[in-house]
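I have placed the structure first, in the form of structure tokens, so that the comments after it can refer back to it.
The values are calculated or read from the model by the stated rules, or taken from the named source; none is laboratory data. This one's a predicted model, so the numbers in the text were calculated from it and none came from an experiment. Here the Cβ is made from the backbone with ideal geometry for all residues, glycine too, and neighbour counts use every protein chain on show. Just the protein is used for accessible areas: all its heavy atoms, side chains included, with ligands, DNA and RNA removed. Shrake-Rupley method; radii C 1.70, N 1.55, O 1.52, S 1.80 Å.
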Amino acid sequence: MSEILRKQFLQHVGQTSPAPMMIEVERAEGVFFYTPEGKPYYDLVSGVSVNNVGHANPVVVEAVQRQAADYMHVMVYGEMVERPQVEFARRLAEALPAPLESVYFLNSGAEAVEGALKLAKRYTHRTEMISMRCAYHGSTHGAMSMMGAPEGEEWKNAFRPLLPDTKAIRFNCEEDLMQITERTACVLCEPVQGEAGVLPPQADYLQKLRERCTEVGALLIFDEIQTGMGRTGEMFAMTKYGVTPDIVCLAKALGGGMPLGAFVSSREIMQSLTHNPVLGHITTFGGHPVCCAAGLAAMKFLQENRVVEDVERKGALYEQLLADHPAVKEIRRSGLLLAVELGSSERMFRMMEMFAEEGIMSDWFLYCDTAFRISPPLVISDDEIRDSVRIIRNCLDRL
């Protein structure tokens, strides 16, 4: 049956590359997923930072089952008062710094970016939008328009024309901040650049970015789609680095494994989507009650079990156990988001082959194919860290 299923996968499921991984998943639990043959894989990417509370977390599963039995989709987002949405929005607002209190739920990170860009243009009445080089914000037309040139051209060129009046500046480059002017509607920035290969902000760069946006009246948008919900060692990276944006985009781990995104701003800014025109941004399935129930349960689990408070220590343990291997050139890290630099794409792709054989799920970065990613579920134990490092080091020995 599995071989038939794989053939049907190739025939009927739209493909994203000429060489999909082709690993069939039978079930998943904690930090592992299993094939039909019972082979375990350490999930060291968490579905790209989605499964922060682990696979099949009982509290999330129970919340999904309970909400699905009560009601699922009723009406397009923003019309009905639905308890999972309201309670989750309130909890998010309580965890975010003021004045981020108004949550607009959507289905994904790319949708969150699209909504945030529209909100910035609507509120400022400006058109120029600035992103960072080596940025990735999603694959829809607007989000793709904000992929930082020139590194993003490989993905963008086949889909032009994209949004006009966009440009990219260099992350961590104070000189480029002067390109933000009175005609800039917004600057979209990851507090830690993910697909660039985990590049944290230097010194007070984010503070100076915040100051420049405030000076010229541009809105600062943080893309915390990958860094949010505890990945960097704080619930949100903005708290870790001490800078509050005007809008923040969330997704990935936000839904506890279910598809959910959001952009969050002040009530004053968010209100501009309600008039001139009315229904300035609408979505059918955004804030689906089952997804919000799952996300709320996952956030409660993180907070009540103090999971995030141990993330930095766990990330440091990974770094400590891998940094001395001669094949490792550098480790870049923020919390439990690590890039292990090998120095060449050939060595990195060889590691991917060995990982698939040995039971490790990892991947590389869109703008950095010389390093592999470690971003496991935040609930990973010390014993699991040490055992996964044992496998990784055995693979490094074979390079």
Test for T239: is it in contact (Cβ under 8 Å) with a residue 12 or more places away in the chain, open to solvent by 60 Å² or more (accessible area, probe 1.4 Å) and not in a helix (DSSP H, G or I): no
Sole exception among (1) among the basic types (K, R); (2) on the phi < 0 side of the Ramachandran plot; (3) out of contact with any helix residue (DSSP H, G or I) (no Cβ under 7 Å at 6 or more places or on another chain) for R306, by number: (2)
Selection within segment 166-201 - under 20 Å from the mean Cα position of the chain (by Cα), without any contact (Cβ under 8 Å) to a residue 60 or more places away in the chain and open to solvent by less than 10 Å² (accessible area, probe 1.4 Å): V187, C189, P191
Among (1) in contact with a strand residue (DSSP E or B) (Cβ under 7 Å, 6 or more places away or on another chain); (2) closer than 17 Å to V76 by Cβ; (3) not in a helix (DSSP H, G or I) - the single one V264 does not satisfy: (2)
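A quick yes/no check of all residues on (1) under 28 Å from A56 (Cα atoms); (2) over 23 Å from the mean Cα position of the chain (by Cα); (3) open to solvent by less than 20 Å² (accessible area, probe 1.4 Å); (4) of a type outside the set (D, E):
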residue: T284; (1), (2), (3), (4): yes, no, no, yes
residue: L296; (1), (2), (3), (4): yes, no, yes, yes
residue: D324; (1), (2), (3), (4): no, yes, no, no
residue: S362; (1), (2), (3), (4): yes, no, yes, yes
residue: L396; (1), (2), (3), (4): no, yes, yes, yes
Failed item in (1) of a type outside the set (F, W, Y); (2) under 16 Å from T124 (Cβ atoms); (3) buried (at least 24 other Cβ atoms within 10 Å of the Cβ), with K252 passing the rest: (2)
Residue in segment 288-305 that is part of a loop (DSSP other than H, G, I, E, B) and farther than 30 Å from D70 by Cα present: no
Every residue from segment 203-224 that is part of a loop (DSSP other than H, G, I, E, B) and modelled with pLDDT of 95 or more: D204, G217, A218, E224
A185 vs. criteria in contact with a Lys or Arg (Cβ under 6 Å, 6 or more places away or on another chain) and closer than 16 Å to H137 by Cα: no
Cβ pairs under 7 Å, 6+ apart, first in segment 301-312 and more than 7 Å from G233 (Cα to Cα), second part of a helix (DSSP H, G or I) and of a type in the set (A, V, I, L, M): F301/V59; L302/V308
Options A19, A56, A69: the member that is of a type in the set (G, A, S), closer than 26 Å to L106 by Cα and without any contact (Cβ under 8 Å) to a residue 24 or more places away in the chain: A69
Test for G148: is it surrounded by 16 or more Cβ atoms within 10 Å (Cβ to Cβ), modelled with pLDDT under 95 and within 24 Å of D204 (Cα to Cα): yes
In segment 119-143, the residues that are within 30 Å of H73 (Cα to Cα), open to solvent by 10 Å² or more (accessible area, probe 1.4 Å) and in contact with a Gly (Cβ under 7 Å, 6 or more places away or on another chain): R122
Inter-residue pairs, beta-carbon under 6 Å, first aromatic (F, W, Y) and in segment 272-295, second surrounded by fewer than 24 Cβ atoms within 10 Å (Cβ to Cβ), 6+ apart: F285/N107
